[in-house]
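The next block holds one structure in the form of structure tokens; read it before the comments.
The values are calculated or read from the model by the stated rules, or taken from the named source; none is laboratory data. On a predicted model such as this, the values are computed, not experimentally measured, just so you know. Cβ atoms come from the backbone with ideal geometry, glycine included; neighbour counts cover every protein chain shown.
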């Protein structure tokens, strides 16, 4: 496939809608619409584990795209600075916890049929015995409402099902990470 044209159909504060034309190997022209973030196209998602308890940090946040609350992991768009700095900043802002990065995934596509966005999953350990993690205080941006939930991985499948019964949406990655195995142990 070879891109032959691209135009912006709409540009808002957060996303733009683009139409691109591609020529396939048979000389046929194909058109697609896709989204692109206006301010940064790379996200960091944080899988944070409290130590020594082994509890995982989940968040519940309103998302207009689904017109409701979503259960997911702390996350954010990478801005200036390193991936580590962005991940630790987002973890602190959204949950109040301070942690240390233990591993970083390769760059992955978030939803390639619709968007050019990419992401990386960052594992972070939080020393829950440290004074600064005893009573974490969020530093949310205006308009953000985030509830922090911590639980053992084995508790996540039942929690997800209950939250869904209550009308919450579930980010797909949570299911992949914790609910594939019946005991809730993460695949990572």
> Of the residues that make up the range 143-155, is at least one in a helix (DSSP H, G or I), assigned by TED's automatic domain parsing to the domain that holds residue 63 and free of Cβ contacts under 8 Å to residues at least 40 places away in the same chain?
Replying inline: yes
>> Yes or no: the range 104-120 includes at least one residue that is more than 30 Å from residue 14 (Cβ to Cβ), assigned by TED's automatic domain parsing to the domain that holds residue 47 and part of a strand (DSSP E or B).
In response: no
> surrounded by 12 or more Cβ atoms within 10 Å (Cβ to Cβ) and on the phi < 0 side of the Ramachandran plot: does that describe residue 83?
Replying inline: yes
>> If I ask for residues that are closer than 26 Å to residue 51 by Cβ and surrounded by 14 or more Cβ atoms within 10 Å (Cβ to Cβ), which ones from the range 153-172 would you list?
In response: 153, 154, 155, 156, 157, 159, 160, 163, 170, 171
> With respect to the numbered conditions (1) more than 19 Å from residue 173 (Cα to Cα); (2) modelled with pLDDT under 95; (3) part of a strand (DSSP E or B), which one is the sole condition not fulfilled by residue 126?
Replying inline: (2)
